[in-house]
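The values are calculated or read from the model by the stated rules, or taken from the named source; none is laboratory data. As the structure is a prediction and not an experimental result, all values here were calculated from the model. Every residue, glycine among them, receives a Cβ derived from its backbone with ideal geometry; neighbour counts consider all protein chains shown.
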Amino acid sequence: MAKKILRTRLCDMLGIEYPILSAGMGPSLVGEKTGAPVELVVAVSEAGGLGVLGAAGYSVDEMIAAIREIKKLTDRPFGVDLLLPGDIVAGGDPPDGGAKEMPLSALLKTLPKAHYEWLVKTREEMSLPEVELMVGLDATTFRPHAAVRACIDEKVPLFCAGLGNPGFMVKDAHAAGMKVLGIAGNAKNARRIAESGADLVVAQGYEGGGHTGRVGSVALWPQAVDAAAPTPVLAAGGIGDGRGVAAALAMGCVGVWVGTRFLASDESGAMDIQKKTILRATDEDTRRTYIYTGKTSRAIYNRFHDLWDKSGLEPLPFPMQVLLASAMVEMFNQAGNEEYVGPFSGQIAGMITEIKPAARILTDMVEEAVDILSRKLPESVVVGG
């Protein structure tokens, strides 16, 4: 059978065969593996799309090592995704005190009193084990300026800002021959990212997993395309097969940014229990919450959500809420309380019934999208001038 062709101007911009990018899924919590590790990046890029490394959970040195490993394994374009705090433009990273890591227990004691006391009280009431994790103080999340500089020095083909506006680093990235992408959850931010000089904008609808906005995909995509013009827009949120790809292209997007479907792949870094949870989930089993990072994100519902809602506490600023959530989830993990654990996931979890190799996921998407876009309209649909 002849190889399917699916090309847009995104393919020419990035030097790829198909306009499909795997999202740069970092870990939702301290101590977790990244959802988009080297193996997933290479598999997607080798299959003709563009894989994106989820670097939010790495130290800067670990990220550099991962970038170099990707370059050894493929000569295809790839991307790196970082989370940029909203105030990153103002000044540099915190001073380096010399320590590379610190016990999570010590960091938790720096939380506001009410949050720390709630954590201790919950642990005692539920008879949860005390846990200890070492938190890297040189993680890209805590040292975003150093991480961005490293990406530029390594000449990463595509820099992706999973949170925040990457406009401050566009000039240096372009000088290094790189492209820059930012993610928006509404038309206003799509315009803002485009005006900052980014090459690409991802418009992620409410349905998407991980950090996501308040506007549904079908409403957001065309509005973002108009708001960001002439900067090209990729669609995200609710895309799990070729039907979603075809819909995005029909709305004027130049490609797609796919997370949950690739999270449920052989090569993803998600834990087996997380992958199984996605397979069990229906379209109504996710919730949008501040619980994990202090910013709105979508995850599969679990009883931790109810526990947090009853606390009456306000979420802490990113990344301090990550520390609190990480401690809680690790306690649930060690206690075997799986009903209190659920991964970041979009609403398309309900259509995922199988863990597959990433290359097959991409190929299936392409074949289905090509079939939809090239088939004749049904007889019941009549069009004319």
- Message: over 24 Å from SER59 (Cα atoms) and of a type in the set (Val, Ile, Thr): which single residue out of THR141, THR122 fits that description?
- Response: THR122
- For the range 257-269, state whether one or more residues are of a type in the set (Asp, Glu), within 24 Å of THR141 (Cβ to Cβ) and modelled with pLDDT of 95 or more. yes
- Task: Inspect all residues belonging to the range 189-197 and state whether any of them is touching a Ser or Thr at 6+ places or on another chain (Cβ under 9 Å), closer than 23 Å to ARG288 by Cα and either at pLDDT 95 or above or not polar (S, T, N, Q) (or both).
- Result: yes
- Item | Filtered residues of the range 35-87 (kept if closer than 23 Å to ASP272 by Cβ, buried (at least 24 other Cβ atoms within 10 Å of the Cβ) and β-branched (Val, Ile, Thr)) | VAL41, VAL44, VAL52
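Conditions (1) aliphatic (A, V, I, L, M); (2) under 20 Å from ALA139 (Cα atoms); (3) under 17 Å from the mean Cα position of the chain (by Cα); (4) at pLDDT 95 or above, marked per residue:
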position	(1), (2), (3), (4)
ARG7	no, no, no, yes
LEU10	yes, no, no, yes
ILE16	yes, no, no, yes
MET25	yes, yes, yes, no
LEU29	yes, yes, yes, no
THR34	no, yes, yes, no
GLU39	no, no, yes, yes
VAL44	yes, no, yes, yes
GLY51	no, no, yes, yes
- Note on the structure: Restricting attention to the range 149-168, the residues that are among the aliphatic types (A, V, I, L, M) and touching a strand residue (DSSP E or B) at 6+ places or on another chain (Cβ under 7 Å) number exactly 4
- Flagged in the range 208-239 as under 24 Å from MET351 (Cβ atoms) and among the β-branched types (Val, Ile, Thr), in numbering order, are THR212, VAL215, VAL218, VAL233, ILE239
- Task: Being among the hydroxyl-bearing types (Ser, Thr, Tyr), farther than 19 Å from GLU117 by Cβ, touching a strand residue (DSSP E or B) at 6+ places or on another chain (Cβ under 9 Å) and not in a loop (DSSP other than H, G, I, E, B) narrows it down to one of THR277, THR293, so name that one.
- Result: THR277
- Query: Within the range 304-355, how many residues are touching an Asp or Glu at 6+ places or on another chain (Cβ under 6 Å) and under 30 Å from PHE142 (Cβ atoms)?
  - Reply: 1
- Query: What are the residue pairs meeting all of these: first residue in the range 138-155, first residue of a type in the set (A, V, I, L, M, F, W, C), second residue part of a helix (DSSP H, G or I) and surrounded by fewer than 20 Cβ atoms within 10 Å (Cβ to Cβ), Cβ atoms under 7 Å, and 6 or more apart or on different chains?
  - Reply: ALA150/ILE64; ILE152/ASP172
- Message: Quick check on this structure: which one of ALA335, ALA358 is touching a Leu at 6+ places or on another chain (Cβ under 8 Å) and closer than 27 Å to VAL135 by Cα?
- Response: ALA335
- Task: Please enumerate the residues belonging to the range 247-274 that are assigned to a helix (DSSP H, G or I), of a type in the set (A, V, I, L, M) and crowded, with 22+ Cβ neighbours inside 10 Å.
- Result: ALA248, LEU263
- Please verify whether the range 298-319 includes one or more residues that are of a type in the set (Val, Ile, Thr) and out of contact with any Gly (no Cβ under 8 Å at 6 or more places or on another chain). no
- Name the residues in the range 71-114 that are over 19 Å from ALA161 (Cα atoms), modelled with pLDDT of 95 or more and under 27 Å from the mean Cα position of the chain (by Cα), would you? LYS71, LYS72, LEU73, THR74, ASP75, ARG76
